Structures are given as structure tokens and as C-alpha cells.
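Undergrad: Here it is, the structure, as C-alpha cells.
The values are calculated or read from the model by the stated rules, or taken from the named source; none is laboratory data. Remember, predicted model here, so these are calculated numbers, not experimental data. Heads up, the Cβs are rebuilt from the backbone with ideal geometry, glycines too, and the neighbour counts pull from every protein chain shown.
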Amino acid sequence: MLNSNLLRKLDMQDLMVFIAVYEQCNVSGVSDALCVSQSTVSYCLKKLRTSFEDELFINTRTGMRATDRASSMYPHVLQIIESINLCHAGVQAFDPTRRAVTFNLCAPEYFEQLILPRLLQRFAQVDLPVTINVHKLESDIPAEDLRAGRIDLVIGFGPNFHQNHRDFKSQVLLTDDLVCVVDHHAPHPTPRFSLQDFAQRRHVFPTPWTSSTNMVDGWLAQQAHKRQVVARANSYSAALKLIVGTDYLLAMPRRIQQLLANEPGFSHYEAPQGLPGFSLDMLWSEASDLDSANTWLREQVTKACAAQALD
């Protein structure tokens, strides 16, 4: 039974609009993606706000910002749509308690540090016989392995860090930005690095995936600047060790800084104004879109990321 009679007025289109607005943060983009008018999108949002007694999305200069209520609802609404698709396909739902199963993911260290521990904790709490094998993300996603089913999911960075493949499904899991981390004996006089100070400081670079390019140097080049990288590390934890006792700077994701470098030995400062952030994206093949095991895995990853985003 439904908790409120208001929920009876909702339909599938309302839920599709909710998901699209949450993922795109743009009403006009939602209108185009769902092939409906903007007035229809607005009407659906009105019904959703009334039914859940929350604003859900707030219009800002940078787009539609989800409220805390909307962020907590998103994985559940997504699961409703995926469950409806499974019902339509007539596929028996995957039950991870019945047999041992192994999933192969291609993902960067960011995912291993931040999301994978939460995922395994969820499996351990209910004693699920699930094994996760993580393959290192290279300069581009393993498209052929994903299409052939040798890789179940690819976790990568966005937007536009990897080659676009139109035949893949995708979902933004969370967003993040970069902060500047230094040894606590090498403080910076202001809370934010200027572009000049950032470029002049010697850097340690943690390679999140095997690539000769990265968002920092690409952005600096657009500003007619470049930095000196004195060392490249294979992991965030190794990069942190390399700045100890030096005046080197380490630009790292804020969520990773809070996880690994939020201690007295390090200080952190805001990155230069304009340095872009990034998203963590999940990709899967069209062939696995309605596969019940793959659908279940995507749900677990989405829930783990949603929990992290609220921390």
C-alpha cells in the first residue's frame, strides 16, 4: 500500500522526468531527451513536489540543484524504472544469495578508494557470495571487452575525458572537484591558490588512469600557463608521501583528500578559481542493459555512490 494518496497521481512519465532532471540539471535538456514539451516537464515536477512535499530541485544560475530529499530518492526511483523494465522483458530477477557470482569492473583508483569499500561492506553485511575484480582504467575505456561481456561495468571520469561510444549506456554517479594539498610545514598565505602561485609551485601528480594528459594541465594550457611536475605517482597515497617534508603541491579530488589527507601532517587549500571539477560516470553495454545480474550490480554501485555523496 502507498503511504499517501498523493502518490497515486504519479505515473511513469513523472518518474522519468525526476531521473532526467536529476542527471541533467537542466529542464530544456530534459524536454529534448524525453521528447516532451517544457510545460509537460514543469507539470511533472509540480506533481512530484506536491506528492513528496519537497522542492526537490532548486533553480540556480548553474542549473537545477537537487535537494537532499531528491538525492536520497534518486537511487530508489532509478530502481523502480529498472524493475519495470525487467517486468516488461520477462526476465527473472537476479538473486545474489542463490549462487556465487564474479563481476569484472574497469575502474580508476578513485573508485577503489571511495566506493568499492562501501560496496564490499554492503555485501559482507548480508554475507553475499559476490566477488569484484577491478581492472585498471587505461587512457580509454575497454570498449570491446565491455561489448563482449568480458567487462561488466566501466567506471570512468567525465565529462569528455574518454572517447564517446554511442552504443553504451551511461550514468553520472557523483561529482567532485580538486583541492591543493601541501605538507603542513609549507603553508600557503591565503585560503585559495592564485593561478600564478599554482603554476609556479612544483607539483606531484597522481595518475588516476594511464594517460599522458589530465584535466589540470589541459586547463593550465587554456590559461597560457604550465606547471612543473617533479614526480608522477601510481596512487594517491604514494603521492601524499612524496610531498612530506617538501614544498611540493598535490592537486587531488576533494573526497579523496577528506579520506586520505585530512590529518595534521597536511594542509589543504582551494584550487585556483575556474579549475574545473569532474564527474564519476558508470558505463555499460546495451546488451547488458536488461540483464538482471548487471542491473542488480548497477543498483548496488548507485546506492554506494549515493551514500557517499551525502557524507
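Undergrad: If you take the residues in the stretch 198-214 that are part of a loop (DSSP other than H, G, I, E, B) and of a type in the set (Val, Ile, Thr), which one is modelled with the highest pLDDT?
TA: For the stretch 198-214, the residue satisfying everything is Thr207.
Undergrad: Same structure again: Can you confirm whether the stretch 165-175 contains a residue that is under 23 Å from Ser288 (Cα atoms) and among the aromatic types (Phe, Trp, Tyr)?
TA: yes
Undergrad: Inside the stretch 185-197, can you point out the residues that are touching a strand residue (DSSP E or B) at 6+ places or on another chain (Cβ under 7 Å) and either at pLDDT below 95 or surrounded by 16 or more Cβ atoms within 10 Å (Cβ to Cβ) (or both)?
TA: Pro187, His188, Phe193
Undergrad: Condition first: among the acidic types (Asp, Glu), farther than 18 Å from Lys303 by Cβ and touching a helix residue (DSSP H, G or I) at 6+ places or on another chain (Cβ under 9 Å). Can you find one or more residues in the stretch 104-112 that meet it?
TA: yes
Undergrad: A further question follows. Looking only at the stretch 148-169, which residues are surrounded by 15 or more Cβ atoms within 10 Å (Cβ to Cβ) and small (Gly, Ala, Ser)?
TA: Gly156, Gly158
Undergrad: Please go through the stretch 44-81 and give me each residue that is touching a residue at least 40 places away in the same chain (Cβ under 8 Å) and among the basic types (Lys, Arg), ordered by number.
TA: Of everything in the stretch 44-81, just one residue is touching a residue at least 40 places away in the same chain (Cβ under 8 Å) and among the basic types (Lys, Arg), namely Arg65.
Undergrad: Still on this model: Report the residue count in the stretch 148-189 for those that are part of a strand (DSSP E or B) and either in contact with a Gly (Cβ under 6 Å, 6 or more places away or on another chain) or not hydrophobic (A, V, I, L, M, F, W, C) (or both).
TA: Going through the stretch 148-189 one residue at a time, the tally reaches 8.
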